[in-house]
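Only the coordinates and a few stated rules stand behind these numbers; no lab work does. Remember, predicted model here, so these are calculated numbers, not experimental data. Virtual Cβ from ideal backbone geometry, glycine too; neighbours counted across all protein chains shown.
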Amino acid sequence: MSLIHTAIDQQARANPDAVAIEFDTTGKRLTYGELAAKCSSISQAIRLATKDSKGQPLVAINVERSLAMVTGMVGILKSGSAYVPIDPAYPLDRQQYIFNDSSCQVLVTSQTQSESSVVESALKDGITVIALDESGNVVSSSCTATPAEQPELGQEESSLAYVLYTSGSTGNPKGVMVQHDNVMNMLKHFRDDLGVHNSNHSVLAVTTFCFDISVLEIFMTLTAGAKIVLASNASQKDGFALLELIESHPNLTVMQATPATYEMLYVCGFTGRDNLIALCGGEAFRPNLLKLEFQRFVNVYGPTETTVWSSSADITSADAKCIPIGKPILNNTFYILDKDNNEVAQGESGEMWIGGKGVTRGYLHRPELTEEKFVTFDKFNGERLYRTGDVGYMNEKGELICQGRMDTQVKFRGYRIELGEIETEISKKAPQVEVAIVIVRDDLPGGDALVAYVKLNEADAGAAIDVEAVKVAMRASIPAYMVPKYFEIITAFPMTPNLKVDRKQLPKPNTTAAAAIPTTAAAAAAVKIVKASSSTAPKKRGFWRRVGHTLATPFREIADVSEQIKDMEMREEAQRRMVAERDAAMTAISKSVADMQLLLEEGRIEFDAQTRRRMETVAEQALALAGSQKIVAVASANTATAATLAPQQQQQAVIAVAAPANDTSKLETEISDIVYNVTGTRLEGSDASMEMIGLDSLGSMLVAASLRKQFNVKVAPASIKEHGTSLQAFAQHITTLKRG
């Protein structure tokens, strides 16, 4: 088994004119021969800077998505070093932490990053900085050593290929050390399984290089002599742009993405393609994704610590009720162990441990954590296993089923519960729910509570669910303490930079709604069930165990709700006062304009056009302060009569005025309706900002898709933030697109 870069060099020698990388729809590309030449230059610059290094050097790469990103990664490997990816799009603190923690000897960056804090920090510490242009040519190096040809050093297959930082439980990311042999084993499996073997094949690369699934997209393709179709930063975030990229490559062989990316593409009109193999991983495969149709739809599973993917399964509609993660890939093994680290029987649940050639070296500078997570078992013939922290079992077909994280097992009111089990029950009992996420919140009135966040199916997106009915149905299947207290319907889940659901950013639920009297038949049934269970419950349970929790925190709940009511009353009173003051002011302006008009008509006063316009401007400014954007026009003595304002009609009246030529009020209303239908939040007033609705990337995609459908214009999701400073400004943007 060879090294990653030597396998790529073999492809370059065999077919130098084949296209290795094509960058989005820019027309920029590199052949294998060009790639090899650029990588050699980069590797020489790195070898010169690290020639006195005693161990294998680590080299940070901090570049935007471009041809330079791929040439930089391969060039670092060719130098005998291991690369440490640092995405320039990440927060600066995270970039700086990774750079400092990894103790890299060289930083490969781009010309556009020359003034970044990471570059400045490296130069300050005397670390060599090598800058590349967008095509991957070396344009500068801060190394002061005399340039000289540096020989290639012998390198073992067990040497490091990359160190990739993943989120850590302490709040700081941890670096996973992955070797060449780990990677090459995984690449061989998927080249053979997916049939990617030559220049006739192409693979879409859409994932940030700080997410380990990019390793498959880039290196599987290059070691096979195939073509990378590299998505730009813009296409990564814009589902419409990504869809256009996919459609511009009708013979694309393989694509790989997270569930969130596939959902984003579906929102933008993508339904799949029968000549495309699609890999889905990074988080749990969701049944709603089966509305997409591919030649093959492959669910892949694996932690970074076992090299990208460790198992795979082709998914069909028959798997909708229980999605498998499949069987181990080449030279990988799975063990399902109980709490005493003994194997469980087939069909029984336990913690999943992974062994084989994918198991990595461990964590950089973290020997204690490495020892905790990577364990050698004598009873398994001395095999070194990685504990995934995931719960799973093997079904009757010999396929692995992942049931969720061990750390989603929480202690709640003295009971140990599995949040994934609750999520599954919600989906079973409420068919209109597409995805359910359950967490425990400790920031709500009454103390800890289970909160369910649900996203509805597209067909039911504008509807609501009968929460009480769902709760009743759930109590028939699981204990009452596992039924969430609050249900929150959301249109899109907050995502991490790697497009996984960010549970920490889920919004606080609305807890102020009254729920004392059931209003539905299902709720009434729930009351009957509760009464029946109370009357028939065994006496030994006792009063406190049955209803004690209900009485445990009444005073805190009453105090919290009382404060909320008091705040609401104060806000309502202040709002009534301000409305009254505004209406009085607008009435005064109306009277002043009307009086002035009467004086003009009677010939008792006169003034020139300039003075009249100055007075009109003053009136308009006063109206604007009061919330109106209408134009005031004081007619000449022989024309229009005065009109009065009508505050009770929400300041829609006009003072002797015609509507402006560029009035966008109707369009604003249509946009507001669209936003409300998608997000459940209504924008009120022309100055309402689109940012008020707090759209994430998928939410922006949903709004943009609806706007495109309604107005037949190409609305870019990014334009919602760019032009959405106010509803009026966004309406003007839509008007411009219509004219274009």
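Tabulated results
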item	result
Relative exposure of Arg47, Arg739, Arg13, judged by other C-beta atoms within 10 Å (fewest first)	Arg739, Arg13, Arg47
J(HN,Hα) series, segment 28-43, from Karplus relation 6.51 cos²θ - 1.76 cosθ + 1.60, nearest Hz, glycine and proline x	7, 8, 10, 7, 5, x, 5, 4, 4, 5, 5, 5, 5, 5, 5, 5
Prolate/oblate/rounded call for segment 438-487, Cα gyration tensor, a/c under 1.5 rounded	oblate
Principal axis dimensions, segment 190-241 - Cα atoms, whole angstrom, descending	31, 22, 15
Counted charge near Ala313, where neighbours are those whose Cβ lies closer than 14 Å (Asp, Glu -1; Lys, Arg +1)	-1
Overall Cα dimensions of segment 163-277 - principal axes, largest extent first, Å	40, 33, 20
Label-point gap, in nm, between Asn137 and Glu396 - each point 7 angstrom along Cα→Cβ	6.5 nm
Gyration tensor verdict on segment 330-374 (Cα atoms; rounded if a/c is under 1.5, prolate if a/b is larger than b/c, oblate otherwise)	oblate
At 0.692 mPa s and 37 °C, Stokes D of segment 37-151 from Kirkwood alpha-carbon radius, µm² per second	241 µm²/s
Residues His201, His249, sorted so that the one with the fewest Cβ neighbours within 10 Å comes first	His249, His201
Cα gyration tensor, segment 1-77 - rounded (a/c under 1.5), prolate or oblate	oblate
Net charge of neighbours whose Cβ lies under 11 Å from the Cβ of Arg405, counting Lys and Arg as +1 and Asp and Glu as -1	-4
Burial ordering of Phe211, Phe730, Phe380, fewest other beta-carbon atoms within 10 Å first	Phe380, Phe211, Phe730
Potential lengthening between Ala480 and Gln111 on full extension [0.36 nm per residue; Cα-Cα distance subtracted]	126.9 nm
Label-point separation in nm, Leu598 to Thr725, each point 7 Å along Cα→Cβ	4.2 nm
Hits among aspartates and glutamates - C-alpha to C-alpha of Lys237 under 15 Å, sequence gap 8 or more where chains match	Asp24, Glu64, Asp87, Glu263, Asp696, Glu722
Distance cut-off 21 Å, percentage of C-alpha pairs in segment 665-739 lying past it	9 percent
Length released on extending from Val344 to Gln295, taking residue separation times 0.36 nm less the Cα-Cα span	14.1 nm
Within straight-line cross-link reach of Lys397, lysines at Cα separation under 16 Å, skipping those fewer than 8 residues along the same chain	Lys321, Lys327
Summed residue charge, Cβ within 13 Å of Ser121's Cβ, Lys/Arg positive, Asp/Glu negative	-4
Against the rule of thumb 2.2 N^0.38 Å, how large the Cα Rg of segment 9-49 comes out	1.31
Alpha carbon convex hull of segment 4-257, projected area averaged over orientations, nm²	13.3 nm²
Cross-link table Lys54/Lys379; Lys227/Lys738; Lys504/Lys721, entries beyond 30 Å C-alpha to C-alpha	Lys54/Lys379; Lys227/Lys738
